[in-house]
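Written out below as structure tokens is the structure these notes cover.
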Amino acid sequence: MRTTTFITLLILMIIGTNLSAQRNSYSERYGNTLNLGIGIGGYSGYYGYVGRSLPVLHANYEFDVANNITLAPFLTYFTYTNNYYHETVIPIGVKGTYYFDNILNASPKWDYYLAGSLGFALVNSNWDNNYQGVRNAQNASPLFLDIHVGTEYHLTKKLGIFLDLSSGVSTIGLSLH
């Protein structure tokens, strides 16, 4: 619920704010970008395995597919350990992104986008030999579909910082162009 409220407020803030008096007179290219981030996962989707938010590592590489649209294969990693149980989850998938910079008349320093990601999670679960309880109690689906809203600020032509808020994994990190 908090994520949905925060995403809605962010979208309203972006739409309601005059982002720049300048207008891009060119079609910006968004692809050929490596995004490396750290973040936190929510309770839904492939994080249903553990039932709480966890720190994650995330990487994707964006390819231009059409004007203002990219596809980005991605790989995410998180691990969880308690007294008797260890789990490693590696979500793999593709993220489709639409950039709204032209519509919002955004400054060339900023990118704003909405996206969706689809994929599956590779899961490795291990219990201690002395554990006597129920094993395989989690029935989370390995398939997931998430929505994203995000922004990137270009520090230079080759380096940016991004914030990606998602229904699955929210991340902050570096973009290498």
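Trp110 to Ser53: FRET efficiency via 1/(1 + (r/R0)^6), r the Cβ-Cβ distance, R0 22 Å, to the nearest 0.05?
0.20
So, by mean Cβ neighbours within 10 angstrom, what's the order for 149-158, 164-173 with the highest one leading?
Most protected by this proxy first, the peptides run 164-173, 149-158.
Any chance you could list the semi-axes, whole Å, largest first, of the equivalent ellipsoid that the Cα gyration tensor gives for segment 46-177, using √(5λ)?
Semi-axes, largest first: 35, 14, 11 Å.
Under 5 Å between amide H atoms, partner at least 5 residues away or on a different chain: which partners does Asn105 have, H built in plane at 1.01 Å?
Amide H to amide H, under 5 Å and 5 or more residues apart or across chains, Asn105 pairs with nothing.
Work out the length of the dipole vector of segment 91-177 about its Cα centre, built from +1 on the beta-carbon of each Lys and Arg and -1 on the beta-carbon of each Asp and Glu, and round it to the nearest 20 debye.
Dipole of segment 91-177, to the nearest 20 debye: 160 debye.
Just to be sure I understand the model, the point goes 7 Å from the Cα along the line to the Cβ. What's the resulting Val134 to Ala66 distance in nm?
4.6
Read-outs: derived from the displayed coordinates by stated rules, not from any lab. Note that this is a predicted model, so its numbers are computed, not measured. No Cβ is skipped: glycine too gets one built from the backbone with ideal geometry, and neighbour counts run over all protein chains shown.
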